[in-house]
Amino acid sequence: MADRQRMAYGKLMSKVALVLFSGGQDSTTCLAWALDRFAVVETVGFDYGQRHRAEMDARQRILSAIPARFPQWAGKLREDHVLSLDVLRQIGGTALTDDLEIEMKEGRLPTTFVPGRNILFLTAAAALGYRRGCRDLVGGMCETDFSGYPDCRNDTIKAVQRAISLGMNAPFTVHTPLMFIDKATTWKLAQELGGQPLIDLILEETVTCYLGIRARRHEWGYGCGKCPACKLRAEGYRRYLAP
Ligand code: ZN
């Protein structure tokens, strides 16, 4: 490890992180990433009137499994917070909040795009962090390998980081460990952080599926197997296993 990296790592080890935790593969990997680096880790989830409750249920299963299965992280994992952002459901008009078809059309954002979602999530997380003396936020936003959601881009996240830091007069850092990696590498990162027990936890408990379906267990975990999120997860897992 380079000296600069070691210094940055050492610095984080005394701090508190607040992880934006949805119960999916990406945010569970981010949670492990934070537990590996920070002294104390809290989590925050957002209830925004998602069409399905599967994500919110998965969060609880994962949070209770971690202390039991990962003794090295047990003492670090602290409060979980759930904030209501019902405004997103009120505004509606997306396939994640309303009964709309999931459509991915060339040259257009998919109907799963929830305008402003990550900006609102980060702003609410920062406000919570401000109250709790935490200035390090961790999120699973990723600009590669996905549908081109503009609020997942690194430029957007950096702009929000600047806005919340100025607006709350507090130096926030938004950590996005998955920003430039693809789904296969996200599986690999999970393996490096928590070994096979973490891979198993992600396979068994996380929800990535846009429809929140848990009826069928595939090689890569549960899901409908047909929506874009399931396809991406399946493809990433296949490439992760490939020699
Ligand atoms: Zn699905």
>> Only four residue types carry charge here, +1 at the Cβ of Lys and Arg and -1 at the Cβ of Asp and Glu. Report the dipole size of the range 3-207 about the Cα centre in Debye, rounded to the nearest 20.
In response: 880
> Per residue, how much accessible area does the chain show when a 1.4 Å probe rolls over the protein heavy atoms, in square angstrom?
Replying inline: 48
>> From the P(r) of the range 27-133, could you give the percentage of C-alpha pairs in the tail past 18 Å?
In response: 58
>> Net charge around Ile62, counting only other residues with Cβ within less than 11 Å of its Cβ (Lys, Arg = +1; Asp, Glu = -1)?
In response: -2
> Using helices alone, what [θ] at 222 nm do you get for the chain, with -39,500 (n - 2.57) per DSSP H run of 4 or more residues, divided over all residues and rounded to the nearest 500?
Replying inline: -15000 deg cm²/dmol
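Sort 125-136, 182-193 by the packing proxy (mean of other Cβ within 10 Å over each peptide's residues), most packed first.
Most protected by this proxy first, the peptides run 182-193, 125-136.
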> Of the heavy-atom accessible surface of the chain (probe 1.4 angstrom), what whole percent is carbon and sulfur?
Replying inline: 52
> In percent, what relative contact order does the range 127-181 have, based on Cα pairs under 8 Å that are 6 or more apart in sequence?
Replying inline: 49
>> Could you give each residue of the range 214-226 its phi-based ³J(HN,Hα) in whole Hz, using Karplus coefficients 6.51, -1.76, 1.60 with θ = phi - 60°, and x for Gly or Pro?
In response: 10, 5, 10, 8, 9, 4, 9, x, 8, x, 5, x, 10
> Which number comes out as Rg/Rh for the chain once both Rg and the Kirkwood Rh are worked out on C-alpha atoms?
Replying inline: 0.94
> Dipole of the chain (Lys/Arg Cβ +1, Asp/Glu Cβ -1, origin at the Cα centre): which of Thr186, Pro67, Val160 lies farthest to the positive side?
Replying inline: Pro67
> Taking amide hydrogens as modeled 1.01 Å from N in the peptide plane, which residues meet the under 5 Å criterion relative to Val19, leaving out close sequence neighbours?
Replying inline: Glu42, Thr43, Val44, Val138
> Taking Cα pairs under 8 Å and at least six residues apart, what relative contact order does the chain come out at, in percent?
Replying inline: 20
> Given the convex hull of the Cα atoms of the range 143-243, what is a quarter of its surface area in nm²?
Replying inline: 7.7
>> Skipping prolines and chain starts, which residues have an amide H placed within reach, meaning under 5 Å, of the one on Val82, given they are 5 or more residues away or on another chain?
In response: Gly45
>> Can you compute 3J(HN,Hα) from phi for each residue in the range 37-45, using the Karplus curve 6.51 cos²θ - 1.76 cosθ + 1.60 with θ = phi - 60°, rounded to whole Hz and x for Gly and Pro?
In response: 10, 9, 6, 9, 10, 10, 10, 9, x
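The values are calculated or read from the model by the stated rules, or taken from the named source; none is laboratory data. Predicted model only: the values in this text are computed from it and were never measured. Cβ sites come from the backbone with ideal geometry, for glycine too, and all protein chains shown count toward neighbours. With ligands, DNA and RNA removed, areas are computed over all heavy atoms of the protein, side chains included. Shrake-Rupley method; radii C 1.70, N 1.55, O 1.52, S 1.80 Å.
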